[in-house]
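The structure appears below as structure tokens.
Bear in mind that the values in this text are calculations on the coordinates, not laboratory data. Not measured: the values here are computed from a predicted model. Every residue, glycine among them, receives a Cβ derived from its backbone with ideal geometry; neighbour counts consider all protein chains shown.
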Amino acid sequence: MKRILAVAGLTLGLAACGNPDAPSAPETPPAPVEEAAAPSAGANGTINVYSARHYDSDKAMYAAFEAETGIRVNVRESGAPELLETMKAEGARSPADVIIASDAGALYRFQEAGFTQGVSSEKLSAAIPEQLREKDGHWFGLTKRYRIIVYDPQVVSADEVDTYADLADPSLRGEICVRSSTNIYNLSLMGEFIGRNGPEASETWAKGVVANFARQPQGGDTAQIEAVAAGECAVALVNHYYWVRLANGTPEERLKTAKTQLSFPDQNGNGTHVNVVAAAVAANAPSKDLAVQFIEYLATARGQELLTTETKDVPVVAGAALPAGLEQISGFKESDFPLSELGTHQAEAQAIFDRAGWN
Ligand code: FE
């Protein structure tokens, strides 16, 4: 079963996204620890948010929270690996209250390093499905994303790409474009495979996919979609929102997606791989209660709207409005694999990719 997203003929003002497609390997040295620039305090306090997101729409989100609560939000934006290094350097003196990052596997790294704390919040427990949050409250999934297949219907048929297993089938020799295995999205997908199928079957799959590569992994998810549109390959594995943003982008971008179709894999099996943008309360949060209040705000209908309208992520809270461009995305089968488990398989996932030659 396939779901083709409606290509809304609207220009949906794409958020300027600093570098969403950057590989997750630490490619830049850690940001130096800066002296806290005497922030102006809010009437009801201040929180420091360390965010791996880089969206203009997030500025509006912080502003809305400030306006509603009188709590001032100071934001440090950087890549997740850099924020991790920053927190290592800061140690127990870290001013971070909230950590926001994309992918449960990224939050796992903060948790593993001891930089998060368990939080119990009735509001968050009620609003967020259990498999989308860490079992002890170390992080909470706030928006969903799906790792899907984008393909050229003139080259491959829908039934050739309706499962993740298909990507390893010899019929797709020379047709697959995908980003580096060091990227957290691929590590988390592999984490689910390992959890469900065990490491041996997962390695066999990875080797099959590598044998089908059209080229060595390069670029981010958007680059893979563009490569399909350009005829460089016929099949790409990407997060859904990159395609949706192009499909709602400039005329040139829309021309690219018009050549492609989407497959939400494993509809007759475990369902399509789900991941999250998630938030955690920092281990040494100076303003823990306000940090919890902020995350609870993001799990309201208004917070969900602010998080997803431009990014094209999918809300996790029941009743929250779906962003324009995603109208037909609901109704397919999503994997219910507990996201807490993705991180526990992360090191093994990387080892499997390395052995398979998935650079
Ligand atoms: Fe992304």
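Observations on the structure shown:
- Each of ALA301, ILE184, SER157 was placed along the dipole of the chain (beta-carbon charges, centred on the mean Cα), and the one lying farthest toward the positive end is ALA301.
- By the equivalent-ellipsoid construction on the alpha carbon gyration tensor, segment 207-294 comes out with semi-axes of 34, 18, 14 Å, ordered largest to smallest.
- The H on the amide N of VAL276, modeled in the peptide plane, is under 5 Å from the matching H of ASP103, ALA104, ARG145, each at least 5 residues off or on a different chain.
- Gyration tensor (alpha-carbon) shape descriptor, segment 140-290, a/c threshold 1.5: oblate
- Based on C-alpha pairs under 8 angstrom that are at least 6 apart in sequence, the chain has a relative contact order of 29 percent.
- For segment 240-359: rounded, prolate or oblate by the Cα gyration tensor [a/c cutoff 1.5]: oblate
- With a Förster radius of 51 Å applied to the beta-carbon distance between ASP336 and ARG93, the computed FRET efficiency rounds to 0.80.
- FRET efficiency, ALA324 to GLN267 (Cβ-Cβ, R0 35 Å, nearest 0.05): 0.90
- Among the DSSP helices (H) of the chain, none spans at least 27 angstrom by Cα along its long axis with an average Kyte-Doolittle hydropathy of 0.5 or more; this is a geometric and hydropathy rule only.
- Calculated [θ] (222 nm, deg cm²/dmol) that DSSP helices of n ≥ 4 give over the chain, each run adding -39,500 (n - 2.57): -10500 deg cm²/dmol
- Prolate/oblate/rounded call for segment 202-257, Cα gyration tensor, a/c under 1.5 rounded: prolate
- Taking other C-beta atoms within 10 angstrom as a stand-in for reagent exposure, VAL73, VAL155, VAL150 fall in the order VAL155, VAL73, VAL150, fewest first.
- Residue exposure sequence - SER51, SER121 - by fewest surrounding Cβ within 10 Å: SER121, SER51
- Under 5 Å, built H, 5+ apart or other chain: amide partners of TYR164: ASP266
- All lysines inside 17 Å of LYS59 as judged from Cα atoms, apart from same-chain residues fewer than 8 positions distant: LYS312
- P(r), alpha carbons of the chain - 10 Å bins starting at zero, rounded %: 5, 26, 35, 24, 9, 1, 0
- Partners for LYS259 among aspartates and glutamates (Cα-Cα distance below 16 Å; same-chain residues under 8 apart left out): ASP152, GLU175, GLU226, GLU232
- Note on the chain: with charges restricted to the Cβ of Lys and Arg (+1) and Asp and Glu (-1), its dipole about the Cα centre is near 260 debye.
- Efficiency of FRET from Cβ geometry, ASP56 and VAL155, R₀ 35 Å, rounded to 0.05: 0.45
- Approximate shape of segment 29-151 as ellipsoid semi-axes (Cα gyration tensor, √5λ), whole Å, largest first: 23, 19, 16
- Residues TYR151, TYR62, arranged from fewest to most other Cβ atoms within 10 angstrom of their Cβ, appear as TYR62, TYR151.
- Positive-pole candidate from ASN270, ALA206, ASN284, dipole of segment 149-298, charges at beta carbon: ASN284
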